[in-house]
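Engineer: One structure, as structure tokens, below. Some questions next.
Quick note: the coordinates plus some simple rules give every number you see, no bench work behind them. The structure displayed is predicted, hence computed values, not measured ones. Glycine also receives a Cβ, built like all others from the backbone with ideal geometry; neighbour counts cover every protein chain displayed.
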């Protein structure tokens, strides 16, 4: 796939990878059309920016395949007035999509170089409603809580308690849960003191690593 016409590639991506596989929210489809994914991938992978696959980024992380980004975003049921917490900024691509669909996005990343690079690209795109934080995503970000929606782009055995606490009543949390070989994308809705759970599909994400378990820098 060449990178000569990214707009045409985005159009093909939306039609072939998203709409044909059940992504139907018109606002999500429009956001996926508008965000230039090629700006969020490493230069050596730009020719694959709109392929139906995850791609490597710095710090041993990945940028999710477009379908998964769209599926998770659609599951959040955004109307435009929400405050969203994203755990795992990564490349910043998911945050850019959310920025077009929500009132404010707070995105946490434990790898400072990734957060810095994402900030640069988001600024270039004129997306100013994203607040980037370097820190431990398992702890959420209490200063901006509660959040109407929480999106976790890394997998864990269960939802971190801090995220449940910071989710607003009736709020939605979307997260891959389970061991590496059996992860399932789930949607949680907070009702009173418990969570209702809906299972979407099997997935494979990098692990959500608490700060105390993170490897020491070399």
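Engineer: So which residue, out of 166, 94, 19, gets the largest mean-square fluctuation from a GNM of the chain using Cα contacts under 10 Å as springs?
Structural biologist: Ranking 166, 94, 19 by mean-square fluctuation puts 19 first.
Engineer: Please give the contour-minus-distance gain from residue 197 to residue 79: 0.36 nm per residue of separation, less the Cα-Cα distance, rounded to one decimal in nm.
Structural biologist: Stretched fully, the residue 197-residue 79 segment lengthens by 40.4 nm.
Engineer: Top mean-square fluctuation among 137, 192, 178, Gaussian network model of the chain, C-alpha springs under 10 Å?
Structural biologist: Top of the fluctuation ranking is 192.
Engineer: Sort 174, 28 by Cβ crowding within 10 Å, fewest neighbours at the top.
Structural biologist: 174, 28
Engineer: What value in Å³ per residue do you get for the convex hull of the alpha-carbon atoms in segment 104-218?
Structural biologist: In segment 104-218, the Cα hull volume divided by residue count equals 119 Å³.
Engineer: Follow-up question, since we're still on this one. Just the C-alpha atoms of segment 5-51: what Rg/Rh do they give, with Rh taken as the Kirkwood radius?
Structural biologist: For segment 5-51, the value is 0.98.
Engineer: Where the centre of each part is set by its Cα atoms, how far does segment 60-100 sit from segment 182-200, in angstrom?
Structural biologist: 17 Å
Engineer: Using only the C-alpha atoms of segment 110-149, find the volume of their convex hull and express it per residue in Å³.
Structural biologist: In segment 110-149, the Cα hull volume divided by residue count equals 79 Å³.
Engineer: Still on this structure, I have one more. How do 44, 144 line up, fewest other C-beta atoms within 10 Å first?
Structural biologist: Placing the least packed residue first, the sequence is 44, 144.
Engineer: A follow-up question, please. Arranged by the count of other C-beta atoms within 10 angstrom, fewest first, what order do 51, 64, 81 take?
Structural biologist: 81, 51, 64
Engineer: So how many Å³ per residue does the convex hull of the Cα atoms of segment 6-211 work out to?
Structural biologist: Enclosed volume per residue, from the Cα hull, is 109 Å³.
Engineer: Here is a follow-up. Among 52, 193, 148, which one shows the biggest mean-square fluctuation in a GNM of the chain, springs joining Cα atoms closer than 10 Å?
Structural biologist: 193
Engineer: Looking at segment 29-120, what % of the alpha carbon pairs are farther apart than 22 Å?
Structural biologist: Across segment 29-120, Cα pairs with separations above 22 Å total 22 percent.
Engineer: Grab the DSSP H runs of the chain that are 4 residues or longer, score each as -39,500 (n - 2.57), total them, divide by all residues and round the 222 nm result to the nearest 500 deg cm²/dmol.
Structural biologist: -7000 deg cm²/dmol
Engineer: If one takes the longest principal axis of the Cα atoms in the chain, at what angle in degrees, from 0 to 90 and to the nearest 10, does the Cα axis of helix 66-75 lie?
Structural biologist: 40 degrees
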